[in-house]
Amino acid sequence: MIIGKKIYHHKSVTSTNAFACRLAQKGKPEGTVLIAEYQSRGMGTTGKRWLSPRGKSILLSIILRPRVLPADVSRITRHIAIAVGRAINITTGLQPQFKWPNDLMLKRKKICGILTQMSTKSEQIEFVVVGIGINVNTEIKSLVNGATSLKIELGKSINRQRLIKTILKELDKEYHQFKKTLTLQNETS
């Protein structure tokens, strides 16, 4: 198991991705996960803020150190989305749809956003940080228009810890698949 061997849990951070990037710069190993109950400056891919009431969402970021070309990093987001969608399905029975490249939807409403950032040096990847924000037990009054939560769709609260464990397990499986696929492609090239 790579993802989740080391987990940091904080009540509040500015952004899980910003915090994870600092950890990665300090040399924290691949698979390190940062989970926060609240982030004051959560962000999406287009610079929009990711709003999340305290203790209602899953807000986590993962440090990855894949030995791939920078051009291959965009594929990681797809694998992360597949793993998170599968974990949601396993835990809740709901089947999210993918809105490529970085969103999961339920009934055409956003349930999850994924933000992938990388740091390179001399055209080599130093690290990749993948942030995942999921509206879990968020009430409708706290959501922006066009978003929903697992609680709203199921009509009951979800155990966030159980969902996090399933997400980490599925992420680990999918990350191994990502690395195996790239290895096979590189061997046949």
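Here are the numbers for the structure shown:
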| quantity | calculated |
| --- | --- |
| Span-rule helices in the chain, defined as complete DSSP H runs reaching 24 Å or more along the axis (Cα) with Kyte mean at least 0.0 | 74-92 |
| Rough spin-label spacing in nm, given labels placed 7 Å along Cα→Cβ, for Gln97 and Ser122 | 4.7 nm |
| Additional length obtainable on full extension of the chain from Met1 to Val144, 0.36 nm per residue less Cα span | 47.9 nm |
| Those lysines that a straight Cα-Cα span of less than 17 Å connects to Lys141, excepting residues fewer than 8 apart in one chain | Lys56, Lys109, Lys110, Lys151, Lys156 |
| Centroid-to-centroid separation of segment 122-175 and segment 1-46 [C-alpha atoms, Å] | 13 Å |
| ³J(HN,Hα), Karplus 6.51/-1.76/1.60, whole Hz, each residue of segment 10-15, x for Gly, Pro | 10, 5, 8, 9, 5, 7 |
| Most to least packed among 52-59, 145-152, 129-136, 76-83 [average Cβ atoms within 10 Å] | 129-136, 76-83, 52-59, 145-152 |
| Segment 135-141 - phi-based ³J(HN,Hα) in whole Hz, Karplus 6.51/-1.76/1.60, Gly and Pro as x | 6, 9, 10, 6, 7, 4, 5 |
| Spherically averaged projected area in nm², based on the convex hull that wraps the Cα atoms of segment 111-185 | 7.2 nm² |
| Thr14/Asn89 FRET efficiency (R0 22 Å; Cβ-Cβ; nearest 0.05) | 0.10 |
| log10 of Debye I(q)/I(0), alpha-carbon scatterers only, for the chain at 0.12, 0.14, 0.19 Å⁻¹ | -0.53, -0.73, -1.35 |
| Whole-number D in µm²/s for segment 67-162 (Stokes-Einstein; Kirkwood sum over Cα pairs; 37 °C, 0.692 mPa s) | 228 µm²/s |
| Reachable aspartates and glutamates, given that their alpha-carbon falls under 19 Å from the alpha-carbon of Lys107 and they are not under 8 places away in the same chain | Glu139, Glu153 |
| Equivalent ellipsoid dimensions for segment 77-118 as semi-axes, Å, which come from the Cα gyration tensor, largest first | 17, 12, 7 |
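Quick note: the coordinates plus some simple rules give every number you see, no bench work behind them. Since the structure is predicted, the reported quantities are computational estimates derived from the model, not experimental observations. Cβ: placed from backbone, ideal geometry, glycine included. Neighbour counts: every protein chain shown.
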